[in-house]
Structures are given as structure tokens and as C-alpha cells.
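Reading through the C-alpha cells given below for one structure.
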Amino acid sequence: MEQAAYNFKEVMSKPERLAPGHRMCAGCGGTIAVRNVLRALKEGDKAVIGNATGCLEVSSFMYPYTAYEDSYIHNAFENAGATLSGVETAYNVLKKKGKIKDTYKFITFGGDGGTYDIGFQSLSGAMERGHDMVYVCYDNGAYMNTGTQRSSATPQYADTTTTPAGSVSAGKVQIRKDLAAIIAEHHVPYVGQTTFTSNFKDLYTKAQKAIYTPGAAFLNVMSPCPRGWGYETSELMNICKLAVDTCYWPLFEVIDGKWILSYEPKKKLPVEDFLKPQRRFRHLFRKENEELIGCFQEEVDRRWEELRNRCNS
């Protein structure tokens, strides 16, 4: 695939495929992820958008109205992957019979609850079968739509309503699942991990590759949630920058099995810089819990070195 040069003004001036007026929260990363992924579609190409039940779905779709300019399907929590793979298969049959001439792309969105957990079986099946579709996870690290319950994407020690931090608990016990690595083991043509960097170049270029690489593709987009994470809405971009510069959320691609590091900070920041602005981690900064920050740092360092080794092998 030939990748066009990135022009920020040109990209941002593209017509919006997600209409304004949806009901997502101020400072939410979900709609930023959707808008920038859909901007990667070429003008003239049509799309079918799938959407697993979650924050994004309930806020961008109220029957019979939707915020999407393209064809839209609301899926159940657990079957976004299966639904879009079925639609993609039907499209290929109709196009082969000459009943459809337009070019369609198939993109489905799901939060981490509907992707890492409830919808994983459906996602895994779609990836293994190799359908020409893109699954985009907007990862906000918990079941935010139903009250901030922990998911397997929730980082260790996070305070959620089902892993409350207090006198007898330091938050979630388990470490976060590495879903991008798991999907890469399905041997799909493209996997990308990204978030919102200064000019959205990383997100846009990876979305473009995912959409226009033939076969199954997966994008994991860290999409912070101000309510669940507990940061000021104006701090969204700063939170993302800290996640990348502390290597909590590294940026990378896996293209036909080859691991490629997209960004390596010149100065790797301590993970506490990422944790401190978030209310869900404030208990870690109490004197009796300070050693837990060290444990968190060890896990970040371990995963970072593992990623670098994969990319250098």
C-alpha cells in the first residue's frame, strides 16, 4: 500500500463522517478515536460501521437516529466481530454477482469491555478467518458505560467500582491483558497500537494502513475517560502524551508478523508521571502504598523491554 504524505490541515478539513451532536462526555477519547479513524477513508469510498454496545453506541445512536454518515449497525456487546464479518462476506457475494459496484470498507468499534472480554471470542474468530475488515478497540480501561467496573484492560491497582481501593484493597489485583500482542498471534496482516499524539499523525497513518491493507486488521487505541480515570477534561492530550513517554502505552505496529516500534521517547519518564494526574490511582501516593508504584514501574519496564526485543529481532 502506498501511504500518502501526512498533511494535518488537509486531513482535518476532510468531511466529518461522525456528525456533531452526539452525547459523549467532554474530554472523552472515544469519539476522537472514531473521528480520526474515519478520516483515513478515501473520499468516494463508502463504509459499513459496526458498533458493540457501550458508551459510544448509547451516545451516538438512539433509534432511529445515528451520528454516523455511513451505514451503521448496532451490535450486541458480544458479537461486533461476527456481525461485520458476515456483512463483509455478503458484500463480496453481491459484488461478485454484479449487484453492488461501489467500494465499501468494513470498520467496527468496541470498547475494551466488548473487545478484551465479552466480545473476544467473536473478534478472535473474525481475525482467524481473515475477513477484510478493521476492528478498532477504543480502550478506556473499564466498563465505563455501566459504572466503571474493572475489565481485563484495567491496569493493576486501578480503583474501580468492582475493585475499590481502601483500607483492605489497593485496587485491581491483576495486570492488564496485552490484547494487541494476542491479536498479532492470529497472524493477521496488520495490528497497530496508538493513541492521541500531538497532531494525530500516528493514529491517522495506522488507521489508513489498517483500512487499506487487504485482510483482517486490528487497531488498539488508548481512549482516556475523564469520569472513570478522574482527570480534568482539558488534560486529555497530556494524559495520552504521558502514557506514551512513560512507555505505559507504547506505539507500535505488527505488519505481516514483523514488529515495528513507532516511537521511542528520548527520555523515558517514570510511570508515576502518568499515574499522578488520575484520581483512580491517587491511593498509590499514600505513604503505605508507595512500594506499589515501584511494582507498577517494574511491569511497565518488563513489557517495554519485551516489546523492544520483539521489534529488534
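Can you find even one residue in the stretch 44-53 that is surrounded by fewer than 19 Cβ atoms within 10 Å (Cβ to Cβ), modelled with pLDDT of 90 or more and β-branched (V, I, T)?
The answer is no, given that none of the residues of the stretch 44-53 is surrounded by fewer than 19 Cβ atoms within 10 Å (Cβ to Cβ), modelled with pLDDT of 90 or more and β-branched (V, I, T).
Would you say G230 is touching a residue at least 24 places away in the same chain (Cβ under 8 Å), of a type outside the set (F, W, Y) and closer than 26 Å to T146 by Cβ? Working first, answer last.
Values: touching a residue at least 24 places away in the same chain (Cβ under 8 Å): yes; of a type outside the set (F, W, Y): yes; closer than 26 Å to T146 by Cβ: yes.
Answer is yes for this residue.
When you check G27 against the structure, is it in a helix (DSSP H, G or I) and surrounded by fewer than 21 Cβ atoms within 10 Å (Cβ to Cβ), yes or no?
On the way: in a helix (DSSP H, G or I): no; surrounded by fewer than 21 Cβ atoms within 10 Å (Cβ to Cβ): yes.
So G27 fails the test.
What residue, of L84, L94, L123, L38, is of a type in the set (A, V, I, L, M, F, W, C), under 18 Å from the mean Cα position of the chain (by Cα) and farther than 25 Å from E185 by Cα? Give the derivation first.
Values: L84 fails: farther than 25 Å from E185 by Cα; L94 fails: under 18 Å from the mean Cα position of the chain (by Cα); L123 fails: farther than 25 Å from E185 by Cα.
It is L38.
Just to be sure, is G294 in contact with a helix residue (DSSP H, G or I) (Cβ under 9 Å, 6 or more places away or on another chain) and either of a type in the set (D, E, K, R) or farther than 30 Å from S122 by Cα (or both)? Steps first, please.
Working: in contact with a helix residue (DSSP H, G or I) (Cβ under 9 Å, 6 or more places away or on another chain): no; either of a type in the set (D, E, K, R) or farther than 30 Å from S122 by Cα (or both): yes.
So G294 does not fit the description; no.
I'm checking my understanding of the structure. Among residues of the stretch 284-308 that are closer than 21 Å to E253 by Cα and in contact with a strand residue (DSSP E or B) (Cβ under 9 Å, 6 or more places away or on another chain), which one is surrounded by the most Cβ atoms within 10 Å (Cβ to Cβ)?
L307
To keep it simple, each residue is scored yes or no on (1) among the β-branched types (V, I, T); (2) farther than 24 Å from N36 by Cβ; (3) touching a residue at least 24 places away in the same chain (Cβ under 8 Å).
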position	(1), (2), (3)
V221	yes, no, yes
S234	no, no, yes
E253	no, no, yes
D273	no, yes, yes
E299	no, yes, yes
S313	no, yes, yes
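For L84, only one of the following conditions fails: (1) buried (at least 21 other Cβ atoms within 10 Å of the Cβ); (2) out of contact with any Leu (no Cβ under 8 Å at 6 or more places or on another chain); (3) at pLDDT below 95. What is its number?
Of everything listed in (1) buried (at least 21 other Cβ atoms within 10 Å of the Cβ); (2) out of contact with any Leu (no Cβ under 8 Å at 6 or more places or on another chain); (3) at pLDDT below 95, L84 misses just condition (3).
The values are calculated or read from the model by the stated rules, or taken from the named source; none is laboratory data. If you're wondering where the values come from, they're calculated on a predicted model, not measured in any experiment. Quick reminder, even Gly has a Cβ in these numbers, built from the backbone with ideal geometry, and neighbours come from all protein chains shown.
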